[in-house]
Amino acid sequence: MRVSEGEPRGRFAELYNPGIFQEHEEVIVFTRQEFNQIYTSIQEQINYINKADLHLDRSEDWKLIGYWPKIMEKVHILDANMDSIFKKEPLQTYLDAYLYESTGNHEKKATASKNTVSVKL
Amino acid sequence: MRYSYGIMDRRKILLYNPQLFLKGCDILAFPSKDFHKWHSDIKEYIDGLYQINTREETEQINIVDLNLALGVLGNITEELENLFDSGKRSDFSYQYISTLEEKYKKQKSSYTSDMRRCDMRVPVITPALKYQNLMEVVRFAEREFERAMRERWVEIILI
């Protein structure tokens with residue numbers, strides 16, 4: 001799918017490569033941060049199920065009875081995530097934390113104060 | 001999630017809800033038609049997973065169902081990759097609208113009757129049982145100690 005990053009400037013948003021869209025084409029705009037949260041969460045659920053499958057020995061299919069509810073739990077989260085894309089409510093995925101962030105955080109670094117602070121002992 | 005539609009106007013996007021976005025934040029723009037198609041595709045696959053989950057009370061889940069579910073998951077993974085692949089064209093021949101009833105989406109607890117049966121049979125810890133457990137630990141330590149000693153002796157003899 002065609003996708004472009006950009007930056008909002010008042011009522012307009014400027015794209016980094018506007019050429020891929022046609023004139024008067026309708027677009028849908030998300031914030032990158034939130035979309036990243038959703039996307040990572042979806043991938044995380046899929047990875048979980050795939051890992052569960054890897055750990056499952058195919059000759060011991062009775063173990064599947066235990067695995068299956070957990071798999072469905074993850075499917076439920078997947079479904080909830082997909083629904084939350086077009087909802088006004090704040091994202092639940094803000095509560096997730098990952099050991100390895102796929103993209104760097106965009107928090108601005110605190111600058112050191114220029115004023116010298118005298119310390120009284 | 002915050003989202004806004006917009007329209008391309010002289011190489012810029014005219015946002016319908018510009019108040020949602022802060023000035024400095026990065027945004028992602030997708031063609032809305034393609035995005036809705038992508039969303040409906042994934043919803044279709046998820047509904048498929050729910051359908052696999054739906055079965056008679058007496059029937060049990062088996063490996064065939066798991067294989068099916070993994071196949072559907074593979075499709076979802078592919079869709080996720082396609083989202084950022086600019087070469088892919090969406091297929092607009094149909095659009096899926098989820099009409100799956102909510103009752104099929106209900107989560108069943110993973111706590112089964114077998115688990116309950118095991119939980120009900122919790123042994124009462126009596127002093128005799130405690131002693132038995134202690135002896136088991138001691139016997140294990142003894143065996144480990146013996147093994148270590150034997151290895152020591154072998155080393156000494158070799159030297």
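The values are calculated or read from the model by the stated rules, or taken from the named source; none is laboratory data. Remember, it's a predicted structure, so these values are computed and weren't measured experimentally. Here the Cβ is made from the backbone with ideal geometry for all residues, glycine too, and neighbour counts use every protein chain on show. Note: accessible area is taken over every heavy atom of the protein model, side chains too, but ligands, DNA and RNA are not part of it. Shrake-Rupley method; radii C 1.70, N 1.55, O 1.52, S 1.80 Å.
Between chains B and A, what is the buried accessible area in Å², counting both sides, with a 1.4 Å probe and ligands, DNA and RNA left out, to the nearest 100?
Using a 1.4 Å probe on protein heavy atoms, the buried area is about 6800 Å².
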Open item on the list: Show me the trypsin sites (Lys or Arg not before Pro) within region B:46-131 that DSSP assigns to loop and that have at most 14 other Cβ atoms within 10 Å of their Cβ.
Closed with: B:Arg55, B:Arg89, B:Lys106, B:Lys108, B:Arg121
- [ ] Any chance you could list P(r) for chain B, counting all Cα-Cα pairs in 5 angstrom bins from zero, rounded to whole %?
- [x] 1, 6, 8, 9, 10, 9, 7, 6, 6, 6, 6, 6, 6, 6, 4, 3, 1, 0
Task: Flagged links, alpha-carbon separation over 24 Å, of A:Lys74/B:Lys33; B:Lys33/B:Lys103; A:Lys63/B:Lys43; A:Lys51/B:Lys43 - done: A:Lys74/B:Lys33; B:Lys33/B:Lys103; A:Lys63/B:Lys43
Task: B:Val154 - accessible surface, heavy atoms, 1.4 Å probe, Å² rounded to 10 - done: 80 Å²
Task: Spin-label proximity, A:Lys70 to region A:29-47 - amide N less than 17 Å from point 7 Å beyond Cα toward beta carbon - done: A:44-47
Open item on the list: Counting only GluC sites (Glu not before Pro) that sit in a DSSP loop (anything but H, G, I, E, B) with at most 13 other Cβ atoms within 10 Å, what is the longest stretch of chain B containing none of them?
Closed with: B:102-159
TODO: Within region B:71-159, report the chymotrypsin sites (Phe, Trp or Tyr not before Pro) that DSSP leaves as loop and that have at most 14 other Cβ atoms within 10 Å.
DONE: B:Phe84, B:Phe92, B:Tyr94, B:Tyr96, B:Tyr111
TODO: Take the alpha-carbon positions of the protein assembly as shown, form their convex hull, and give its projected area averaged over all directions (one quarter of the hull surface) in nm².
DONE: 32.4 nm²
Task: Radius 13 Å from Cβ of A:Lys87, net charge of other residues (Lys, Arg +1; Asp, Glu -1) - done: -2
TODO: Quickly estimate the mean residue ellipticity at 222 nm for chain B, helices only: each DSSP H run with n ≥ 4 gives -39500 (n - 2.57), and the total goes over all residues, rounded to 500.
DONE: -18000 deg cm²/dmol
